[in-house]
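> Just passing along the structure, written as structure tokens.
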Amino acid sequence: MFRIFTDRHGKPVCDGLKKTVHIVEALVFPDMCLNCRALLPVSLGPGFSDQTFFCGACRARGLPTFDPPYCRMCGHLFDTGDTHVCETCLTDPPVVHRVRAALAYQGLVPEIVPLFKYHARLSLTRFFDSLMFNALDRHFRDTEIHWIVPVPLHPKKLRQRGFNQSFLLVRRLCDTYERHFGGRPGWQVDASVLKRVRYTHSQTGLDIASRKNNLKNAFQVPDPARVKDAGILLVDDVYTTGATCNEAARALLDAGAARVDVLVLARA
Ligand SMILES: [Zn+2]
Ligand SMILES: [Zn+2]
């Protein structure tokens, strides 16, 4: 809605005018808290702070970013100490190379992620977009990535839900990158690299072994030549036991991918 105040190169035409119109627009169409829908006070300009998206009460519950200390491999968050490899990864290393996240699954996060995923509160993507871009830049800046691949849904699940939440998390990554760095990234977002060929029932309530079994041969790489020797970043909404991401990574590695890393919105 601010595009009309930028020239064709995206440069602001007039900041003062832009700000005035923003305030008028905000009075006519007031912003609501993306969680509880309370009206937000009129801000002086668009920004990307939590304040732009959530009311004071919701913000007070916490939107913790994914910060060290965590497991170097699976990204499991530790309460204290240094970043190291966790016990689980030492005994049973994950298929994926590294797991990193934008948020920790704590505070307000366990409420807004289901709102997004199961109740189609898609306005939350306005908040998630910048978080995902910052996490990508922070954790994978020096990683060679060829494809960014959202974890696919089975076509039947996609029809039921109407959208793939993982795809919505990466849909605007390339635009954000170009706006930020003024050039095209070395990677491409492509949802067709990986397909979900087996319909699986919800993982909720299953133990780790059952989750793994439930997902066996669920994924397929339609064109292995595209992933041969490629660095791949899988993107999903939440990483809990990692059964889904690791099964997806197995399919990609079997097809010849060099390495599979994972970026999720929230690490449980
Ligand atoms: Zn709120
Ligand atoms: Zn670990």
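The values are calculated or read from the model by the stated rules, or taken from the named source; none is laboratory data. Owing to the predicted nature of the structure, the values given are computational and were not obtained by experimental measurement. No Cβ is skipped: glycine too gets one built from the backbone with ideal geometry, and neighbour counts run over all protein chains shown.
> Identify all residues within the stretch 154-175 that are crowded, with 19+ Cβ neighbours inside 10 Å and either outside the structural domain of GLN220 (by TED's automatic domain parsing) or in contact (Cβ under 8 Å) with a residue 40 or more places away in the chain (or both); write none if there are none.
GLN165, SER166, LEU168, LEU169, VAL170, LEU173
> Turning to a different aspect of this structure: Among the numbered conditions (1) closer than 17 Å to VAL95 by Cα; (2) in contact (Cβ under 8 Å) with a residue 60 or more places away in the chain, tell me where LEU265 comes up short.
Here LEU265 meets the rest and fails (1).
> Which of the residues that make up the stretch 71-108 are of a type in the set (Phe, Trp, Tyr) and under 18 Å from the mean Cα position of the chain (by Cα)?
Hit for the stretch 71-108 is TYR105, nothing else.
A quick yes/no check of all residues on (1) more than 16 Å from ligand 1 (Cβ to nearest atom); (2) assigned by TED's automatic domain parsing to the domain that holds ALA104; (3) at pLDDT below 95:
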site: LEU39; (1), (2), (3): no, no, yes
site: LEU44; (1), (2), (3): yes, no, yes
site: GLY47; (1), (2), (3): yes, no, yes
site: ASP50; (1), (2), (3): no, no, yes
site: PHE66; (1), (2), (3): yes, yes, no
site: PRO69; (1), (2), (3): yes, yes, no
site: GLY75; (1), (2), (3): yes, yes, no
site: PHE78; (1), (2), (3): yes, yes, no
site: THR83; (1), (2), (3): yes, yes, yes
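> Go through the stretch 133-249 and tell me which helices (runs of 4 or more DSSP H), entirely inside it, have 1 or more residues that are at negative phi and modelled with pLDDT of 95 or more.
155-161, 165-170, 173-181, 224-227
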